[in-house]
Amino acid sequence: MLLRTISLSLFCYAAGLFAQGNPEWDEPFPPHKIIGNVYYVGTKGLSNYLITTPEGNILINSDFERNVPTIRAAIEKLGFRFRDTKILLGSHAHGDHMEGDALIKELTGARVMAMAEDVPALEKMRPGNKPHPIDRVLHDGDQVTLGGTTLVAHLTPGHTKGCTTWTLKVPDGGKTYDVVIVGSVNVNPGFILVGNKDYPQIATDYVRTFKILQGLPVDVFLGAHGNYYGLEAKYAKLKPGAPNPFIDPDGYHAYLAERQRAFQAEWDKQKAAAK
Ligand SMILES: [Zn+2]
């Protein structure tokens, strides 16, 4: 009986961890200016970006609903108002990036925009049975403009069908920088790359996405999770007068090369196993 209780609680603990994800996802992180009008307002493990304009602000990602108070506190700590969030965008249709969309819309009135290919998955994302708000459906290359800032939505599928990489040009100190916010190029445990009935072209989509990302002009490398671009190490180097650590085109290309090797290895493994 005792053994059963122990193994049951171990099982629940493991299942709970799986549902909750990484504890860093819930750990607050110091909000900071990245460059120009782009600010980090995410947690240690889940990235949110605030792009401020004279006509209100754009927020990228809502994370899980439970993260919304932390995002709000980060925005307010920087001196901005949560209710000035006019547009809410997302990286891809997974709960750790977009579950909180309905709550943020409810709290701020922001217009929620999502890539067409992710809409079916988002419509199934209903925390507390709330319907997922979608005010504008985006297509590859669409622009989102507010108060003089324009973001471009790049369809970079594979991780999800509508996985979105955002780019924008940001003036800072008399120069203009290309900022890239990578949606995801990770192959999660359990992803089926060979014979995937729900997503037959998943592997060729990854291949296409690596090519698209490698071709983007980039100065500042950001992404849906801080660990894509070394958030913690770069934040530690952020000092007045020092070079901006987030300007890192070499890190961007090294990251893509490493992730492409990991994808290819997994694809080769699955192809061999399918034979
Ligand atoms: Zn994901």
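The Rg/Rh ratio for segment 221-275 is 1.21, where Rg is the radius of gyration of the alpha carbons and Rh is the Kirkwood radius. Counting other Cβ atoms within 10 Å as a rough exposure proxy, the listed residues His139, His225 run His139, His225 from fewest neighbours to most. Each part reduced to its alpha carbon centroid, segment 242-274 and segment 155-204 end up 12 Å apart. Note down the net charge around Gly95, summing +1 for each Lys or Arg and -1 for each Asp or Glu among other residues with Cβ under 15 Å from its Cβ. Computed value for this residue: -4. For Ala242 and Glu55, a Förster radius of 25 Å and the Cβ-Cβ distance give a FRET efficiency of 0.20, rounded to the nearest 0.05. Calculated mean residue ellipticity, 222 nm, the chain: -10000 deg cm²/dmol, from DSSP H runs (n ≥ 4) at -39500 (n - 2.57) each, averaged per residue and rounded to 500. Here each label is just a point 7 Å from Cα along the line to Cβ, and for Asn188 and Ala116 those points are 2.5 nm apart. Our estimate of slack between His32 and His139, defined as 0.36 nm per intervening residue step minus the Cα-Cα distance, is 35.5 nm.
Looking at Val179, Tyr206, Gly141, which one has the Cα that reaches farthest to the positive end of the dipole of the chain (charges on Cβ: Lys, Arg +1; Asp, Glu -1)? Looking along the dipole axis, the top candidate is Tyr206.
Of the residues Tyr177, Tyr49, the one with the fewest other Cβ atoms within 10 Å heads the list, and the complete ranking is Tyr177, Tyr49. For segment 148-197, the alpha-carbon coordinates run over 50, 17, 10 Å along the three principal axes, in decreasing order. Only the Cβ atoms of Lys and Arg (+1) and of Asp and Glu (-1) were treated as charged; on that basis the dipole of the chain about its Cα centre amounts to roughly 200 debye. Contact order, relative form, for segment 94-227: 19 percent (alpha carbon pairs under 8 Å, 6 or more residues apart, mean separation divided by residue count).
For segment 93-124, which trypsin sites (Lys or Arg not before Pro) are in a loop by DSSP, counting at most 14 other Cβ atoms within 10 Å? Taking segment 93-124 and a limit of 14 other Cβ atoms within 10 Å, the loop trypsin sites (Lys or Arg not before Pro) found are Lys124. Calculated on the alpha-carbon coordinates, the convex hull of the chain measures out at 155 cubic angstrom per residue. With contacts taken as Cα pairs under 8 Å and at least 6 residues apart, segment 55-135 reaches a relative contact order of 31 percent. Our summary gives segment 24-274 a relative contact order of 14 percent, counting only alpha carbon pairs under 8 angstrom and 6 or more residues apart. Debye-formula intensities of segment 168-225, expressed as log10 I(q)/I(0) at q = 0.12, 0.21, 0.22, 0.30 Å⁻¹, are -0.42, -0.87, -0.91, -1.22 (one equal scatterer per alpha-carbon, no solvent). Let me check I've understood the local charge: for Leu213, count other residues with C-beta under 15 angstrom from its C-beta, Lys and Arg +1, Asp and Glu -1. What total comes out? Charge balance in the 15 Å sphere: -3. The dipole here belongs to segment 90-149: it is taken about the Cα centre, uses +1 on the Cβ of Lys and Arg and -1 on the Cβ of Asp and Glu, and is about 240 debye. Counted by Cβ distance under 11 Å from Pro120, the other residues give a net charge of -2, where Lys and Arg count +1 and Asp and Glu count -1. Between Ala257 and Asn196, the FRET efficiency estimated from the beta carbon spacing at R0 = 22 angstrom works out to 0.35. Full extension of the segment from Thr150 to Lys77, taken as 0.36 nm per residue of separation minus the current Cα-Cα distance, would add 23.8 nm.
Read the figures in this text as sums done on the coordinates, not as results from a lab. All values derive from a computational prediction rather than experimental measurement. Because the Cβ atoms are built from the backbone with ideal geometry, glycine has one as well, and the counts that use them run over all protein chains shown.
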